[in-house]
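Before any comments, here is the structure.
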Amino acid sequence: MRRPSLLVSVRCADEVASAIEGGAEIIDVKEPSHGSLGMASPETLTACSAAVPEHYLWTLAGGELLDRRRHVDGRGDSDATSPGMAVFLPELKRLPYAVKFGLSQCRDTEWTGIFQDVAASLPVTVRAIPVAYADWQAAGSPAVPAVLDAAILYGWSTVLVDTFDKAESGSLLDLVSIETLQDWVLQASRHGVDVVLAGRLSLQDVSVVSACEPMAVAVRSAVCVGGRNGRVDTRLVQMVASECHDGSVNGQQNSIVEK
């Protein structure tokens, strides 16, 4: 069984240390008050990039793809707090491994071309990761299998499966069966595409999701005191890390059925 990495999303440099001390292996930077993939300010990204140790991967949330496209096309950005990444990414102490882009409102667009254009606007060493929403109806996004098929077709290395509506849609496991998650991961891996699983995962959910053998399990609310908009707590990260690395599907089936 492949052991997934634990990705912890942080909103400030102080949380980087808490996440790493607790056992996070990948640091993701976002601003949770700005939505599922809310982009942090340039100042926060600068501070976090300096705080992440050299041997750790770090990524950032780049917002929704269509908002990014508006900036690349020179038509302005709908979010005034998120200036063009081409301006400030090169100024960071260390570039991120990847930038994640949500696909909300992309269901009826030629989104693959838009994604490739936005990806091409990033520094050459930075990967672009599409985010497939499990609650695709609420997001107006392409369904997860369509995003995985696109990744296989175009040779994208990684797809993040997440939830768009953090208030109403429920968790990833409320929306998708374990068997379906396993199938998505297996089919993608056969074509060299890694899958990261996220979406309002609780401590109890993490072992179940990790047993589906994704490349990584991504969390925020499960490791925060005060919920998603709270603060990362080292002890909670330690608990989630233990579940991430030691979980099994069979041992958790009953808890899923009872939800």
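Only the coordinates and a few stated rules stand behind these numbers; no lab work does. This structure is a prediction, so every number in the text was calculated from the model and none was measured. FYI the Cβ positions are ideal-geometry reconstructions off the backbone, even for glycines, and counts take in every protein chain you see.
For the pair residue 190 and residue 57, a Förster radius of 25 Å applied to the C-beta separation gives a FRET efficiency near 0.60, rounded to the nearest 0.05. Of all DSSP bridge pairs formed entirely within the stretch 5-257, close to 5 percent run antiparallel. Ignoring aspartates and glutamates fewer than eight residues from residue 166 along the same chain, the ones with Cα atoms less than 18 angstrom from its Cα are 28, 31, 64, 135, 174, 205. A Cβ-based charge dipole, computed about the Cα centre of the chain with Lys and Arg at +1 and Asp and Glu at -1, lands at about 300 debye.
What is the Cα radius of gyration of the stretch 85-215 over 2.2 N^0.38 Å, N being its residue count? Walk me through the numbers on the way to the answer.
On the way: Rg = 14.9 Å, N = 131, 2.2 N^0.38 = 14.0 Å.
For the stretch 85-215, the normalised Cα radius of gyration comes out at 1.06.
Counted by neighbouring Cβ atoms within 10 Å, the residues 100, 166, 30 run from fewest to most as 166, 30, 100. Kirkwood analysis of the stretch 5-257, using all unique Cα-Cα pairs, places the hydrodynamic radius at 18.0 Å.
Listing 174, 194, 135 from the residue with the fewest other Cβ atoms within 10 Å to the one with the most, what is the order?
174, 194, 135
Per residue of the chain, the DSSP helices (runs of n ≥ 4 H) give a summed -39500 (n - 2.57) that works out to -10500 deg cm²/dmol at 222 nm. Put a plus charge on the Cβ of each Lys and Arg, a minus charge on the Cβ of each Asp and Glu, and nothing anywhere else: the dipole of the stretch 106-196 about its Cα centre is then about 300 debye.
As a rough footprinting exposure proxy, the listed residues 31, 91, 243 were ranked by other beta carbons within 10 Å of their own, and the order from fewest upward is 91, 31, 243. Sequence-distant contacts, meaning Cα pairs under 8 Å at least 6 residues apart, place the relative contact order of the chain at 20 percent.
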